[in-house]
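In what follows, a structure is listed as structure tokens, so that the remarks can point back to it.
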Amino acid sequence: MTNSKELFREVVRQIALPESKAEIESIAYLLLEKKWNINRTDILTQKHVTINQPEVDAYIERINAHEPIQYVLGEADFYGRLFRVNPSVLIPRPETELLVQQIIQYSKSIDKPITILDIGTGSGCIAISLALELRCTIKAIDISSAALAVAQENATRLKANVSFMESDILNNSLTEKFDLIVSNPPYISQLEKQNIKPNVLNYEPHLALFPIGEDPLLFYRVIAAQAQRALHPNGSLWFEINEHYGKEVCEIMKVNGFDNSEILKDWNGKDRVVWGALS
């Protein structure tokens, strides 16, 4: 038997990451709660628990190797739901919740069921959240079969009606029509690579982080051009963006028929979403 408070302190002491004390404590709380069902109240009341110490050590070793806690746990929170994740998919982030929130708000003003396409679905967090929140028909595509397997597992577990298909948007044209297209494409430039933390660079899929070649706006150009043809009249296109390229993405939208595109800032005041409707 082990005292929960002492266990928590020991886990915090052993986590050797270049992060703030608050961040390390947050990781420790998550690990104890998700793996051994030890919550903050248990820790405060010093509840006694039975723990396999080698198992604890193995998890801490993975954390100290900079493996993201979400991969260690096999799950991540997104828009009030738990999504399964592994290194085949990006970890869902709070910034992407803004994208989902704005699409929900916009779509609820449309007095009919709508059709949506999610390009580069990854874990399926965008498509599944929209399917569960809106009256809509959703299709989602990704180039990675491994990512699609994760997305399908999430949709099945969360009982979301989403159709998934393997497709490379750079080499395949969209043949169906939609009311709304959304994408959180690879948008980290090669120049920014050197500033990325090792927990992202060494573990998250580069296919989903970095565009092919030197053009960080490649996917925006291709998707905007295809969306112009694949959207119904007055259909809308929504992007999550690199904070440094808001104006450039708006210009790409304008060139492709989205005359009144808008930049939305995230909770940190950074440009994060660009959207527009076909004129």
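Every number in this text was worked out from the coordinates using simple rules, so none of it is lab data. Since we're looking at a predicted model, the values are computed, not measured. Virtual Cβ from ideal backbone geometry, glycine too; neighbours counted across all protein chains shown.
Observations
- Set the Cα radius of gyration of the stretch 58-174 against 2.2 N^0.38 Å, with N its number of residues, and you get 1.12.
- Expected 222 nm ellipticity per residue - DSSP helices of 4 or more, -39500 (n - 2.57), all of the chain, to 500: -12000 deg cm²/dmol
- Distance between the 7 Å Cα→Cβ label points at Arg9 and Lys35: 2.0 nm.
- Cα gyration tensor shape for the stretch 2-65, rounded if a/c is under 1.5, else prolate or oblate: oblate
- The chain, relative contact order [Cα under 8 Å, separation at least 6], %: 14
- Shape call, the stretch 86-277: gyration tensor on alpha carbons, a/c limit 1.5: rounded
- Taking 0.36 nm per residue of separation and subtracting the current Cα-Cα distance, fully stretching the chain between Tyr106 and Val255 would add 51.3 nm.
- Once the C-beta distance of His48 and Glu25 is scaled by a Förster radius of 22 Å, the resulting FRET efficiency is 0.55 to the nearest 0.05.
- Between the helical axis of 4-14 and the longest alpha-carbon principal axis of the chain there is an angle of about 70 degrees.
- Most mobile of Leu98, Leu117, Leu170 in a GNM of the chain (Cα contacts under 10 Å): Leu170
- Phi angles of the stretch 95-101 translate, via the Karplus equation with coefficients 6.51, -1.76, 1.60 and θ = phi - 60°, into HN-Hα couplings of 4, 6, 4, 4, 4, 5, 4 Hz per residue; Gly and Pro are given as x.
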